[in-house]
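Okay, structure first, notes after.
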Amino acid sequence: MRRCPYLEELVKDQRAFLRVYRFDCHVDHQSKRKYALRDSPPICVRNYEDCALYQSEKRREDSTITRYTD
């Protein structure tokens, strides 16, 4: 399973019929929660290329690398 390189922690809890995903994003330094009725992990695990935080951080890192290679 591929996951976002900026994902620091992912914890899945189950409370009765509700699934709770707790995850920490390195980009915005916040802990987040996602609630789901069925097995549906956050975007960090499913398709992180579509995440706005990932895209902005990736662009920032690429510009830094380009600046040093030029």
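No value in this document is a laboratory result; all are computed from the given coordinates. None of these values were measured; they are calculated from a predicted model. Here the Cβ is made from the backbone with ideal geometry for all residues, glycine too, and neighbour counts use every protein chain on show.
Go through the stretch 20-33 and report how many residues are in contact with a strand residue (DSSP E or B) (Cβ under 9 Å, 6 or more places away or on another chain), of a type in the set (A, V, I, L, M) and part of a loop (DSSP other than H, G, I, E, B).
Selection size over the stretch 20-33: 0.
Please enumerate the residues belonging to the stretch 51-70 that are under 16 Å from Arg3 (Cβ atoms), out of contact with any Asp or Glu (no Cβ under 8 Å at 6 or more places or on another chain) and either among the polar types (S, T, N, Q) or part of a helix (DSSP H, G or I) (or both).
Tyr54, Glu57, Lys58
Would you confirm whether any residue within the stretch 6-19 is in a loop (DSSP other than H, G, I, E, B) and at negative phi?
Scanning the stretch 6-19 turns up at least one residue that is in a loop (DSSP other than H, G, I, E, B) and at negative phi.
Residues of the stretch 21-33 being within 22 Å of Ser56 (Cα to Cα) and crowded, with 16+ Cβ neighbours inside 10 Å, which ones?
Answer for the stretch 21-33, where residues must be within 22 Å of Ser56 (Cα to Cα) and crowded, with 16+ Cβ neighbours inside 10 Å: Phe23, Asp24, Cys25, Val27.
Within the stretch 34-50, how many residues turn out to be in a loop (DSSP other than H, G, I, E, B), surrounded by 10 or more Cβ atoms within 10 Å (Cβ to Cβ) and in contact (Cβ under 8 Å) with a residue 12 or more places away in the chain?
Going through the stretch 34-50 one residue at a time, the tally reaches 3.
Could you please find all residues in the stretch 51-70 being among the aliphatic types (A, V, I, L, M) and touching a residue at least 40 places away in the same chain (Cβ under 8 Å)?
Once the filter is applied, which keeps residues that are among the aliphatic types (A, V, I, L, M) and touching a residue at least 40 places away in the same chain (Cβ under 8 Å), the stretch 51-70 yields only Leu53.
Report, by residue number, each residue of the stretch 1-58 that is of a type in the set (Phe, Trp, Tyr) and under 10 Å from the mean Cα position of the chain (by Cα).
Scanning the stretch 1-58 gives Tyr6, Phe23, Tyr48, Tyr54.
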